[in-house]
Amino acid sequence: MDENPDSEPEPGDVEINVSGEVVADSTGDPIEGATVSASRVEEGEQLDEATTGADGSYEISLTVAENNTPERLRLSGDADGFLASADTVSFDSSVSKDFSLAEAVESQVSGQVTDSKVGDGISNATVIGTSEGEEGQLFETTTDSDGRYSSDLELAEEPEQITIE
């Protein structure tokens, strides 16, 4: 990250300006306090981040060495109560990217893993939850000393059924 964002770039450096707006998917209203980050795609190194103002807008200004400019940037937007969103864009000295975040449905899954022969809880068992409507796994957790588990979820919509393994 640039340690002094107000300083002029050194010779051989490239200044990158990323800007846009973050809004709620359902209403189009601006989201204040959302975090937008810019990262190198290849290394996953976060270059900088910004927080949206009351109008949902953000600006990220950063400087990279000309001989170390990324080919692509990964831009991510996230806010409390919303599902995160990310996109990969081609590197340019000026990038504009708006995010439309879907409101999250909060849910909790809990239960107990027991030994089928004696009924005692099994500690340190890995529990994985998946759903047909969602891609990949929804959660992964480990049982406590009594075999109990609990996991909080944020999803785009509440699934009809979750498969627990």
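When the range 56-86 is filtered for residues that are under 17 Å from Asp98 (Cα atoms) and not in a strand (DSSP E or B), the ones remaining, listed by number, are Gly56, Ala79, Leu83, Ala84.
Here is a check on your reading of the model: is Gly53 open to solvent by less than 40 Å² (accessible area, probe 1.4 Å), over 23 Å from Leu153 (Cα atoms), part of a strand (DSSP E or B) and not charged (D, E, K, R)? In short, no. Under the condition of being free of Cβ contacts under 8 Å to residues at least 24 places away in the same chain and in contact with a Ser or Thr (Cβ under 8 Å, 6 or more places away or on another chain), the residues counted in the range 104-124 number 1.
Listed by position, the strands (runs of 3 or more DSSP E) inside the range 89-165 whose residues that are under 19 Å from the mean Cα position of the chain (by Cα) number at least 3 are 99-101, 105-112, 137-142, 148-155.
For the range 59-102, the set of residues classified as touching a residue at least 24 places away in the same chain (Cβ under 8 Å), surrounded by 12 or more Cβ atoms within 10 Å (Cβ to Cβ), of a type in the set (Gly, Ala, Ser) and in contact with a Ser or Thr (Cβ under 8 Å, 6 or more places away or on another chain) consists of Ser76, Gly77, Ala79, Ser100, Ala102, listed by residue number. Comparison of Asp13, Asp6, Asp25 shows that the only residue that is open to solvent by 50 Å² or more (accessible area, probe 1.4 Å), closer than 16 Å to Asp80 by Cβ and at pLDDT below 95 is Asp25.
The values are calculated or read from the model by the stated rules, or taken from the named source; none is laboratory data. This structure is a prediction, so every number in the text was calculated from the model and none was measured. Please note: Cβ atoms are built from the backbone with ideal geometry, for glycine as well, and neighbour counts cover all protein chains shown. Protein only, heavy atoms only, side chains kept; ligands, DNA and RNA dropped before computing areas. Shrake-Rupley method; radii C 1.70, N 1.55, O 1.52, S 1.80 Å.
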